[in-house]
Amino acid sequence: MIYHISVSSVLRKTVCDLYTNLVTRPTGVAVRQAIEAALAELPEPNVTVIDFAQVKMLDFSCADEVVGKLLDFYQKAEGQPQRYFLIRGVHDGHLEAIEAVLERYNLAVIVEDESGTIRLVGTLDDGARRAWQVVNAHGRVNPQELERELGAPAETASRVLDTLSARRLVMWRDDGCVSLPQAL
Amino acid sequence: MTTVITVPPSLDDHTFEQVLEQLAPVPVDQKVLVDARHTRWASPYGLTALLTLAQTRGTQAAFTGPETEETASYWQRAGFYRYAEELFEMHGHVPRARAQAAESNVLLEITPVAKSDDVHDVVERIQSKAQQILVNELNLDPMATMRFAMTLSEVCQNIVEHAQTMGWVAVQTYRYRQRLGRRVVVIAVCDAGIGFRRSLESAPGRKLSDRWDDGMALEEAVIRGVSRFRDPGRGQGLAGVRRYVGRWDGKLSVRSGTARIALVPQWDDDLPMRENLPPLPGAQVQITIPERVPQR
């Protein structure tokens with residue numbers, strides 16, 4: 001299932017209907033808690049699009065709450081919940097704050113910028129990053145195909161896909177992995 | 001007995017130390033008269049620090065403002081008198097607020113910051129006014145304007161999260177003849193709260209080293225991004241401010257207690273760390289971003 005959460009709408013509903021900037025930690029906490037409450041109702045597996053369109057500015061404190069803590073919680077949650085995130089509608093100003101918090105938490109996430117370009121941001125080793133690029137380029141890849149693309153042993157290819165899946169950057173479906181934009 | 005504290009003719013972050021040196025030997029409950037009659041110019045740091053000084057006194061301080069009409073009028077437009085009248089016992093002429101054209105150099109008049117909503121308000125106001133001046137007059141990249149607002153948000157939040165009291169913020173542009181010969185935009189954020197050292201000391205389980213003092217607390221917070229909160233996401237605000245200031249060849253200085261730390265760009269010759277300064281409670285932050293000069 002795919003769900004869409006407009007951060008701007010959450011901000012206006014939970015904090016103040018006049019605000020267009022996502023700033024201050026209390027604001028970030030309120031927005032994150034509202035998002036978590038919405039996510040708690042959703043069946044798994046799901047891909048949730050966190051949409052920053054209409055958010056003029058995102059400061060580090062809010063990025064920490066709305067991106068860092070949110071993703072970190074589901075990354076570390078017991079039972080490996082099948083919840084995947086894609087961040088949409090970000091500009092360079094948002095990205096600076098998002099990348100800083102991802103680095104702090106050792107997280108990575110798929111981002112779609114305002115022009116629709118998909119990229120992976122955050123911390124990920126080079127091998128896993130190359131594997132993600134292959135999955136993203138093809139939309140769907142199984143270990144044998146990744147083995148051919150990367151020239152890596154089958155065991156390594158399979159392990160890298162498991163890593164990407166564990167980090168919620170691709171989704172296992174049947175015998176292969178699909179990119180999150182493809183899942184959408 | 002009232003002790004007269006003379007405000008220098010030009011009041012900025014450096015010359016404000018002269019004010020504090022005069023104040024240091026005066027007991028906190030003793031009356032002081034802050035005499036700014038001969039002051040002709042003040043930076044946003046100077047104005048917000050004067051209000052902060054008033055908040056630190058046990059007995060209400062008296063104040064006489066600049067005699068020069070032009071200076072007094074500018075301080076009025078910058079919002080100084082609005083709050084000075086609440087904090088000081090005012091002596092002499094107090095310029096009245098008049099309906100007039102907004103002061104174009106004042107991007108944000110002196111504004112109290114006490115809670116999260118105040119930070120939202122500051123950011124919304126600066127965005128509406130700063131874009132044109134920062135881009136067209138200081139030649140900053142449009143993206144730099146957004147990061148400028150982010151920086152402003154982070155330094156204001158330090159008051160809300162750490163000071164345990166309210167503080168002041170002001171933003172102005174002016175020509176910095178003394179060191180640069182260029183225009184600059186300056187953010188000043190001052191509070192009379194608990195300061196960096198006490199804030200970090202309040203962290204649960206924190207072990208203090210033998211040389212723990214205001215200077216070390218500033219190093220920990222400003223350089224190493226240490227916060228009183230153990231949460232891994234904390235301490236990023238000042239780190240982001242440092243990155244922004246570095247990217248735009250700016251200067252960051254933070255004073256707290258008896259120490260002052262500065263990230264000093266090439267165009268300035270300030271010391272990175274000053275210690276054993278006359279004490280002032282709280283934290284006083286100044287960020288200076290210079291006009292971009294097109295590359296030849």
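Every read-out reported here was derived from the displayed coordinates using simple, explicitly stated rules and does not represent laboratory data. Fair warning: this is a prediction, and the values are worked out from it, not measured in the lab. Cβ coordinates were reconstructed from backbone atoms using ideal geometry, including for glycine residues, and neighbour counts include every protein chain displayed.
Numerical summary
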item: Chain A: calculated mean residue ellipticity at 222 nm from DSSP helix runs of at least 4, using -39500 (n - 2.57); result: -13500 deg cm²/dmol
item: Average other protein chain Cβ within 10 Å of Cβ, residues B:121-132; result: 2
item: Amide proton proximity set for B:G282, modelled H, under 5 Å, gap of 5+; result: B:G193, B:G195, B:G257
item: DSSP-defined antiparallel bridges as percent of all bridges, the protein assembly as shown, nearest 5; result: 60 percent
item: Per-residue average of Cβ from other chains inside 10 Å of A:144-157; result: 0
item: When each of B:K31/B:K207; B:K31/B:K129; A:K69/B:K251; B:K129/B:K251 is checked by Cα-Cα distance, pairs over 28 Å; result: B:K31/B:K207; B:K31/B:K129; A:K69/B:K251
item: Trypsin sites (Lys or Arg not before Pro) restricted to DSSP loop in region B:147-188 with at most 15 other C-beta within 10 Å; result: B:R177, B:R179
item: Protection-proxy order for peptides A:43-50, B:201-208, each taking the mean of Cβ atoms within 10 Å per residue, highest first; result: A:43-50, B:201-208
item: Peptide-level mean, for A:9-19, of C-beta atoms on other protein chains within 10 Å; result: 1
item: Given chain A, longest segment not containing exposed loop GluC sites (Glu not before Pro) (DSSP; at most 14 other Cβ within 10 Å); result: A:115-184
item: 5 angstrom amide H check on A:G139, placed H, neighbours 5+ away; result: A:S179
item: Whether the protein assembly as shown is rounded, prolate or oblate, judged on the alpha carbon gyration tensor where a/c under 1.5 counts as rounded; result: prolate
